[in-house]
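Below is one structure, written out as structure tokens; the observations come after it.
The values are calculated or read from the model by the stated rules, or taken from the named source; none is laboratory data. Because the structure is predicted, anything quoted here is derived from the model rather than measured. Neighbour counts run over all protein chains shown; Cβ positions are idealised from the backbone, glycine included.
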Amino acid sequence: MQRVLSGVQPSGSLHLGNLVGAIENFVRLQDQYQGFYMIVDWHALTSKFDRSEEIGPAIHEVAATFLAAGLDPERATLFVQSQVKEHAELHLLFSMITPLSWVERVPTYKEKLQNSEADLGSYGFLGYPILQAADILIYKAHKVPVGEDQLFHLELTREIARRFHFLYNTEIFPEPQAVLTQVPKVPGLDGRKMSKTYDNGIYLRDTPEQILHKCTREMASDTARVRKSDPGNPEICNVFTFHKLFSNGDTVKLVALECPRAGLGCFDCKKRLAEAITARVEPLRVKIEDNLAHPERLDEILRVGADRARAAAQVTMAEVREAMKLPKS
Ligand code: TRP
Ligand code: SF4
């Protein structure tokens, strides 16, 4: 069975965009592939080194959410990056063979360096994509489900693999391919991409009341429609985009028909949306809270996952040391 691998930063609560864009994809892929899902706490440290105490609780939150969404720890391996020290060793070895110019030209690097509030002028942050390459190659992953923003990191990963093969006359790493999600991007309440940074999200731990409030009071709609008697235009309305993602076909048809002829008010339209989103999120929220109430259970699942991941990583590291003619460990 081929391997699929992805990494998620432990950065607190996950939202609808994460669910539809990433988590549901991971759950689907666990049937066809041997899955490795990693919570990348070392990557989080590149920007949170001065708030490292926030990472532990965020790890539990990600684990609780993945399990609630249906990730099966019997089939897929869910683990924390820092519990498999082999990632650090491979990162170090890769950092010896990766030209500085390769990491300096990562498109997001300079931009993040300049625009982020965090101080990203560290050696560790420059090496972020090298650590990611180690994460992927150490499991010999074939498929890597990620967002489009990660495509360059994957390209760099393949280049590092090729350079390793060339330098040490070996072929140990398969070339990993990105798997992009088919689902369109979830907008935020304000119509921009849903993102923690913009504070425009509906979170998977939001209660039905919070979801109702966000949909009816905070979500942007067709601004040209002021009165209920004005016709609206669903095609330019953010609420309709949400309906298409989360409501059933009948509701979508109803809105498409009634909104332009002022047969449906925006408040009712948004209320229906809140109901559809709640139907999707509420069962998940209950499971997440239950998982979070049992941290010892989560820790045990992550420990078993790390043991399994480490066993796989150690096989690769033995091959790496041998290819490089380094002493056995
Ligand atoms: N850089 C990825 C992100 O921000 C996280 C990540 C770290 C990752 N290691 C990975 C993703 C390995 C896929 C595979 O989303
Ligand atoms: Fe948007 Fe719905 Fe109002 Fe139409 S009825 S403008 S789709 S919120």
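Restricting the range 1-46 to residues that are more than 27 Å from Ala118 (Cβ to Cβ) and of a type in the set (D, E, K, R), which is nearest to ligand 1 (Cβ to nearest atom)?
If we take residues in the range 1-46 being more than 27 Å from Ala118 (Cβ to Cβ) and of a type in the set (D, E, K, R), then Arg3 is nearest to ligand 1 (Cβ to nearest atom).
Hey, does the range 110-127 have a residue that's surrounded by 13 or more Cβ atoms within 10 Å (Cβ to Cβ), closer than 24 Å to Leu78 by Cβ, among the polar types (S, T, N, Q) and touching a residue at least 24 places away in the same chain (Cβ under 8 Å)?
Applying the first criterion (surrounded by 13 or more Cβ atoms within 10 Å (Cβ to Cβ)) to the range 110-127 yields 112-113, 118, 120, 122, 124-127.
From what's left, closer than 24 Å to Leu78 by Cβ: none.
No: the range 110-127 contains no residue that is surrounded by 13 or more Cβ atoms within 10 Å (Cβ to Cβ), closer than 24 Å to Leu78 by Cβ, among the polar types (S, T, N, Q) and touching a residue at least 24 places away in the same chain (Cβ under 8 Å).
Scan the range 241-274 residue by residue and report those that are aromatic (Phe, Trp, Tyr), under 19 Å from Gly201 (Cβ atoms) and within 10 Å of ligand 2 (Cβ to nearest atom). Talk me through it step by step, then tell me what you get.
Step one: of the range 241-274, the residues aromatic (Phe, Trp, Tyr) are 242, 246, 267.
From what is left, the residues that are under 19 Å from Gly201 (Cβ atoms) are 242, 246.
Passing the criteria: only Phe242.
Quick one: would you say Pro327 is within 22 Å of the chain's Cα centre (by Cα) and exposed (fewer than 15 other Cβ atoms within 10 Å of the Cβ)? Don't jump to the end; show me each part of the working.
Numbers: within 22 Å of the chain's Cα centre (by Cα): no; exposed (fewer than 15 other Cβ atoms within 10 Å of the Cβ): yes.
So Pro327 fails the test.
Please work out which residue is farthest from ligand 2 (Cβ to nearest atom), limiting yourself to the range 29-56 and to residues that are touching a strand residue (DSSP E or B) at 6+ places or on another chain (Cβ under 9 Å) and in a helix (DSSP H, G or I).
Within the range 29-56, the first condition is being touching a strand residue (DSSP E or B) at 6+ places or on another chain (Cβ under 9 Å), and the residues that meet it are 29-30, 32-41, 43.
Filter once more, so that each one left must be in a helix (DSSP H, G or I): 29, 41, 43.
On the way: Leu29: 33, Asp41: 40, His43: 38 Å.
Checking each candidate, the answer is Asp41.
Please find, among Gln177, Gln132, the residue that is more than 30 Å from Glu289 (Cβ to Cβ), in contact (Cβ under 8 Å) with a residue 60 or more places away in the chain, among the polar types (S, T, N, Q) and not assigned by TED's automatic domain parsing to the domain that holds Arg272. Spell out how you get there, then give the answer.
On the way: Gln177 fails: in contact (Cβ under 8 Å) with a residue 60 or more places away in the chain.
When all the criteria are applied, what remains is Gln132.
Assuming Gly147 fulfils every condition listed in (1) in contact with a helix residue (DSSP H, G or I) (Cβ under 7 Å, 6 or more places away or on another chain); (2) modelled with pLDDT of 95 or more; (3) within 13 Å of ligand 1 (Cβ to nearest atom); (4) small (Gly, Ala, Ser) apart from one, which condition is it?
(2)
Residue check: is Gly121 modelled with pLDDT of 95 or more, more than 28 Å from Val315 (Cα to Cα) and part of a loop (DSSP other than H, G, I, E, B)? Reasoning before the result, please.
Values: modelled with pLDDT of 95 or more: no; more than 28 Å from Val315 (Cα to Cα): yes; part of a loop (DSSP other than H, G, I, E, B): yes.
No.
Determine, yes or no, whether Ala224 is small (Gly, Ala, Ser), over 20 Å from Gly201 (Cα atoms) and in the same structural domain as Lys85 (by TED's automatic domain parsing). Outline the logic, then answer.
Working: small (Gly, Ala, Ser): yes; over 20 Å from Gly201 (Cα atoms): yes; in the same structural domain as Lys85 (by TED's automatic domain parsing): no.
Criteria not met by Ala224.
Please give the number of the condition Thr316 fails out of (1) within 16 Å of ligand 1 (Cβ to nearest atom); (2) closer than 22 Å to Phe66 by Cα; (3) among the hydroxyl-bearing types (Ser, Thr, Tyr).
It is condition (2) that Thr316 fails.
Among the residues of the range 207-239, which ones are part of a loop (DSSP other than H, G, I, E, B) and in contact with a Ser or Thr (Cβ under 7 Å, 6 or more places away or on another chain)? Give the steps one after another, and end with the answer.
Taking the range 207-239 as the starting set, the residues that turn out to be part of a loop (DSSP other than H, G, I, E, B) are 207, 219-233, 237.
Matches in the range 207-239: Cys237 only.
In the range 69-87, what residues are surrounded by 23 or more Cβ atoms within 10 Å (Cβ to Cβ) and either within 16 Å of ligand 2 (Cβ to nearest atom) or not in a loop (DSSP other than H, G, I, E, B) (or both)?
Listed by number, the residues that qualify are Thr77, Leu78, Phe79, Val80, Gln81, His87.
Have a look at Phe173, Phe164 and point out the one that is part of a helix (DSSP H, G or I), in contact with a Leu (Cβ under 9 Å, 6 or more places away or on another chain) and more than 13 Å from ligand 1 (Cβ to nearest atom).
Working: Phe173 fails: part of a helix (DSSP H, G or I).
From the options Phe173, Phe164, the qualifying one is Phe164.
Would you mention how many residues in the range 290-302 are part of a helix (DSSP H, G or I) and loosely packed, with under 13 Cβ neighbours inside 10 Å?
Taking the range 290-302 as the starting set, the residues that turn out to be part of a helix (DSSP H, G or I) are 290-292, 295-302.
Filter once more, keeping what is loosely packed, with under 13 Cβ neighbours inside 10 Å: 296, 300.
Looking only at that region, the number is 2.
Would you say Gly232 is away from ligand 1 (no atom under 16 Å from the Cβ), free of Cβ contacts under 8 Å to residues at least 60 places away in the same chain, among the small types (Gly, Ala, Ser) and surrounded by fewer than 17 Cβ atoms within 10 Å (Cβ to Cβ)?
Numbers: away from ligand 1 (no atom under 16 Å from the Cβ): yes; free of Cβ contacts under 8 Å to residues at least 60 places away in the same chain: yes; among the small types (Gly, Ala, Ser): yes; surrounded by fewer than 17 Cβ atoms within 10 Å (Cβ to Cβ): no.
Judged against the criteria, Gly232 is not a match.
Please enumerate the residues belonging to the range 126-153 that are in a helix (DSSP H, G or I), within 22 Å of Arg310 (Cα to Cα) and of a type outside the set (Val, Ile, Thr). If you could, list the steps in order and put the result at the bottom.
Going through the range 126-153, the residues in a helix (DSSP H, G or I) turn out to be 126, 128-137, 148-153.
Within this subset, residues satisfying the condition of being within 22 Å of Arg310 (Cα to Cα) are 128-137.
Listed by number, the residues that qualify are Tyr128, Pro129, Leu131, Gln132, Ala133, Ala134, Asp135, Leu137.
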